[in-house]
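Note sheet for the following structure.
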Amino acid sequence: MISDYEAQELRPTWDYSSLMKLWRILKLCAKQDLCGPRKGKIFMEMGRNTDALLQYHRCLTLDPEFTAAREEIQKHSSANKVDCQPVSSLPVSEETQGQQIQEEMEQEADDTKDKAGGSSQQQDSPLNVLSLNARFALVTTPCGHTFCKNCLERSLDHNLRCPLCKQNLHEFLKNRKYNRTFLLEEIMSKLFPIQLEERKQVHDSEMAELSNLTKDIPIFVCTMAYPGVPCPLHVFEPRYRLMMRRCMETGTKKFGMCTYEHGKGFADYGCMLEILGLDVLPDGRSYVDCIGRSRFRVLKRSHRDGYHTADIEYLEDQKVEGADLEVLKCLHDSVFQQAHDWFHRLTGRIQGQISMQHGLMPDTEEDIQASPDGPAWCWWLLSVLQLDPAYQTTVLSLTLLQDRLGHLRNVLEFFSQN
């Protein structure tokens, strides 16, 4: 997790020669005239005809097919009888300087490759461009400072100000237009090709590790979730904002949900949730629409960047056949009818509230063992009944449908009597 102090230290670490080359390139880009026609028009209105024509000639130097500039030159030259130098004789110092710098950059890149190939010590040199994975997806803030997209997002999770100048970035976060700074990315690809390739390999390895759905899966410690049951979330903690972003970036859109358990951090059993929709608010909070998928058992606990992770194994119901299956069907039909009667004895207002929050009660299935998690109505009923979290976890962990139905029958009898 990035602390506020670490967020303030997202500064580039250049060596002196590289910094001077970058400054020369940026200075050249700043001098590059991208608004020549507009400047020429302004000079003409000010009566500075010579300067105006020079601007139009410069446009033709950069783009010989610029017909608008050519027409302006012909019109004003014939009207004012101004002697102007031909395009070929105008100074092109900017272009020449750009070619020289380009050649120097290529030479520097070749030198870096040669040194890296001949000495292992050179590969360990501190040529990191920005800290905290800053070589990917560079983003420039409205205040003019550049960071990698991931680092900037994690910084804004904690503080809505620029890590360097402390300017308020609330509107920047609200619009969420993280446009990449391709100029700096191109410069760094020339100056640090080997380091960028190494960082890309590390990044790909991290993405593959985060995409694993059995090892080090992210764990959201909050409430009880069940297979097939909706679980809407309001995410506001920085660590869980990061978790949601990673689930979306890797494409898995899945994470584990467990209840809190004292001494362990979270329970031994939980349910995988799949993100169906994510609505990010202007201040960085988000409403996440999730639905329960598979049950799992925790094998090993760990942490990653402030949130819990776990190695897990998925749970499936044990199937029965023959006479045991007939007994199971009878028990299933009996408990379902008991649950149906209990629900319809509730008042219309309570039924409406339950249906709005948990959806309608699912119907029975033709094959009660078709799903590895059993009939959907059992999990719907467990989510509706306000039971102790420890008891809910116990029922979730059962891999025999007969045992789950027995617990549900006892709970329904208790509610019916009271």
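Computed from the coordinates by the stated procedures, all read-outs in this text should not be read as laboratory data. Computed from a prediction, not measured in an experiment: that's the story for all the values here. Methodologically, a virtual Cβ is constructed for each residue, glycine included, from the backbone with ideal geometry; neighbour enumeration extends over all protein chains shown.
Mind sorting His76, His262, His344, His332 by how few other Cβ atoms lie within 10 Å of their own Cβ, fewest first?
His262, His344, His76, His332
Roughly what would the spin-label model give for Ser211 and Met356, points 7 Å off Cα along C-beta, in nm?
4.2 nm
What does the charge count around Ser371 come to, taking other residues whose C-beta lies under 12 Å from its C-beta (Lys +1, Arg +1, Asp -1, Glu -1)?
Taking every Cβ under 12 Å from that of Ser371, the sum is -3.
Go ahead and run the numbers for FRET between Asp51 and Asp283, Cβ-Cβ distance against an R0 of 56 Å, rounding to 0.05.
0.70
Starting from the Cα-Cα distance between Asp367 and His303, subtract it from 0.36 nm times their residue separation and give me the gain in nm to one decimal.
Gain on extension, Asp367 to His303, equals 19.0 nm.
How high is the FRET efficiency between Gln402 and Arg349 when r is their beta carbon distance and R₀ equals 30 Å, given to the nearest 0.05? Present the calculation step by step, with values, prior to reporting the outcome.
On the way: r = 35 Å, r/R0 = 1.16.
For R0 = 30 Å, the calculated efficiency reads 0.30.
Take the alpha carbon gyration tensor of the range 188-242, find the square roots of its eigenvalues, order them as a ≥ b ≥ c, and report rounded if a/c is under 1.5; if not, report prolate when a/b exceeds b/c, else oblate.
Prolate shape, in that a/c is at least 1.5 and a/b is the bigger ratio.
In terms of modelled amide H atoms, which long-range or inter-chain residues lie less than 5 Å from the amide H of Asp268?
Sorted by chain and number, the residues that satisfy this come to none at all.
Once you put a point 7 Å from the Cα of Ser189 and another 7 Å from the Cα of Arg70, both along the Cβ direction, what distance in nm separates them?
About 3.3 nm, to one decimal.
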